[in-house]
Every structure is written in C-alpha cells, then in structure tokens.
Amino acid sequence: MSPSVSGRLRAAALASAAMLLTGVLAGCSGSSSDAPKASQKPGRSGTAAPSASAAPDDAYRRWGLDKPLAAPPAPPAAKLLQDAGTGAAPKVVRRIPTQDKVVFVTIDDGAEKDPQFLKMAEELKLPFTMFLTDSISRAGSGYGYFDRLRALGNGVDNHTLTHPNLRTLSADAQRREICGQQDALEKRFGTRPALFRPPYGNYNDATLAAAGSCGVRALVLWEVTMQINDMRYAQSDKLRPGDIVLAHFRGPQELKGTSMTRMVTNMLRSIQAQGYTVARLEDYL
C-alpha cells in the first residue's frame with residue numbers, strides 16, 4: 001500500500017472515531033432536541049400520571065384542563081360567620097351570598113386516598129374543604145393522607161365519627177358523634193373545626209344544639225352534587241355564584257372504573273365551562 005493511501009485511510013478512521021465520540025457524548029447529556037417527548041395529556045377515560053419534568057405552568061394541561069384555574073377575587077372583608085357567637089346554634093349554610101363568579105368545592109368522608117390526587121391538588125393549587133368521618137378516614141393509610149392535603153392550605157372539618165343518619169339518634173348519641181369527632185380532629189390537627197356537615201344532609205334541632213355545644217359555628221350543606229362525569233343541581237340547571245359543590249373521596253370501585261382525579265377533572269372542566277372558578281370556603285365564612 002502506498003504511503004499516500006495509508007495516510008488517507010488513517011485520516012478517515014480518525015474522523016469516523018471523532019464522529020462516534022461526539023454522538024455518544026450528545027446521548028449522555030440528555031439534551032438532544034430530537035428526542036421524542038411523552039404525551040402529557042390524559043385520555044378521556046382516565047387521568048395519566050403527570051410528567052415530573054413538565055413545567056408548573058403546564059399543570060392544567062397535564063390534568064386534562066383547557067386552561068388554568070382562574071385566581072378567585074379577593075375574599076370579602078365581612079365574613080358570613082363574623083357575628084356568630086361561640087356556643088350558639090350553628091348557622092345553616094347551603095350557599096354563600098356573593099356576586100363573585102366562584103363556587104366552593106367540598107369533599108366528604110375520606111375513603112379514597114389516591115396519591116395522584118395529592119399531586120393534582122398541589123399542582124393545580126386547588127382550594128377545597130374536607131369533611132372527614134373518623135371511622136372512614138382512619139382506614140388504609142389513615143389521617144396522614146389528609147395531613148398532606150391540609151398542608152396545602154385546605155380545611156379539615158367534621159363529618160361525624162361513624163357517618164350515621166343523625167335524625168335517627170337521640171340527642172346524647174348525636175352529641176357523641178359530633179363532639180367525638182371534634183375532639184379527634186382537634187387532637188390530630190391542633191385546631192377545633194368550626195364547620196360541620198351532617199351525613200346525608202340530615203339533621204334536626206338536636207343536631208344543631210349538639211354541634212353548637214362543642215364549638216361548631218356553621219352546619220354546611222350544598223346545592224350541587226358532583227357525579228362521575230358532571231354535576232347535579234338542586235335548584236337550577238347550572239351553577240350560580242356562591243354554590244357549594246359536594247364531592248367525595250372515592251375511587252374506581254365506587255366511580256365505575258373512573259379515578260378520583262378524572263372525576264375532579266370533569267368537575268373542574270364543567271366549572272370553567274360555565275365561567276366560574278373555585279374559591280376557598282373558609283375565606284368567605
């Protein structure tokens with residue numbers, strides 16, 4: 001082989017090696033602009049786990065919304081319960097008197113403890129109020145799950161010890177159910193709840209007397225119920241300013257295969273489609 005041919009072969013080999021090394025280094029950096037990107041949009045039949053690398057501003061897309069949740073207006077200076085005295089019969093609240101285009105999400109019981117909902121609540125900065133039943137909330141991972149939701153700024157309130165129909169109980173039995181959960185929640189979270197929701201929305205004068213005797217200031221009912229895919233309205237065929245929405249900590253077994261996050265996405269899409277956003281109930285009470 002002539003020296004000139006040998007030199008050309010060595011030069012070609014060196015160039016090929018250099019190109020190979022460049023490709024290996026680019027692959028290790030993970031910065032190639034041609035790398036495929038995983039889809040972050042959940043399907044209609046279920047909510048996919050969000051990508052950890054997605055920007056926070058994209059959270060609404062990753063949880064199936066068409067736009068971010070609008071920030072609620074500043075809460076009113078005058079609160080609904082500001083003149084309510086301690087020990088008096090609680091005020092019964094079905095809807096918040098406001099002209100603001102806001103609704104209030106409340107979630108009951110505590111059966112489902114979906115870790116994806118923890119991520120959803122944090123990433124969407126979704127305000128809601130929890131009404132927890134002791135016997136249900138203790139099951140599985142227990143109150144630790146609700147500790148984490150509370151740490152995001154969401155309220156924890158009273159939904160009795162065992163979820164009975166209070167109207168079927170004596171006054172003493174009602175007091176044990178309501179005040180027992182007041183004590184349990186205060187011991188767990190360090191704060192005595194101001195709000196109470198009777199199971200099934202059933203109550204009587206004995207309920208109000210028992211709740212007032214252990215520090216409850218408002219008995220909170222609702223005007224709208226979240227189903228699996230959409231809402232059911234008590235007084236209208238659409239949302240109204242100040243509506244309180246009832247949902248539940250439920251999973252695929254109770255929701256016919258639908259996840260809790262998918263149910264919440266359906267609820268938020270309906271709220272947004274009607275021109276509303278979600279505000280924190282405690283800010284208006």
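The values are calculated or read from the model by the stated rules, or taken from the named source; none is laboratory data. Computed from a predicted model, the values in this text were never measured in an experiment. Using ideal geometry, Cβ is built from the backbone for each residue, glycine included, and neighbour counts are taken over all protein chains shown. Quick note on the areas: whole protein, heavy atoms, side chains included, nothing else; ligands and nucleic acids left out. Shrake-Rupley method; radii C 1.70, N 1.55, O 1.52, S 1.80 Å.
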For residue 95, what accessible area in Å² do you get when you roll a 1.4 Å probe over the heavy atoms of the protein chains, rounding to the nearest 10?
-> 90
Cross-link pairs beyond the 30 Å C-alpha cut-off, checked among 113/187; 67/256; 125/256; 67/187 | 67/187
Could you tell me which chymotrypsin sites (Phe, Trp or Tyr not before Pro) in the stretch 60-106 are loop residues by DSSP with no more than 13 other beta carbons within 10 angstrom of their beta carbon?
-> none
What percent do you get for the relative contact order of the stretch 172-285 when only Cα pairs under 8 Å and 6+ apart count?
-> 18
Length gained if residue 230 through residue 58 is fully extended, taking 0.36 nm per residue and subtracting the Cα-Cα distance, is 59.5 nm
So what's the gap between the Cα centers of the stretch 174-219 and the stretch 62-103, to the nearest angstrom?
-> 20
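Dividing the convex hull volume of the alpha carbon atoms of the stretch 103-191 by its residue count, what do you get in Å³ per residue?
It comes to 97 Å³ per residue, whole-number rounded.
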Determine the per residue accessible area of the stretch 239-285 with all protein chains present and a 1.4 angstrom probe, expressed in square angstrom.
-> 31
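Using alpha-carbon pairs under 8 Å, 6+ residues apart, how would you state the relative contact order of the stretch 100-198 in percent?
26
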Within the stretch 261-280, backbone nitrogen closer than 14 Å to the virtual label 7 Å beyond the Cα of residue 141 toward Cβ | 261
In percent, what relative contact order does the stretch 68-132 have, based on Cα pairs under 8 Å that are 6 or more apart in sequence?
-> 35
All-pairs alpha carbon distance profile, the stretch 87-154, 5 Å steps from 0, percent = 3, 14, 22, 21, 15, 14, 8, 3, 0
For the stretch 122-164, with all protein chains present and a 1.4 Å probe, just round the carbon and sulfur fraction of the accessible area to a whole percent.
-> 50
Length gained, residue 118-residue 173, 0.36 nm per residue minus C-alpha separation, equals 16.4 nm
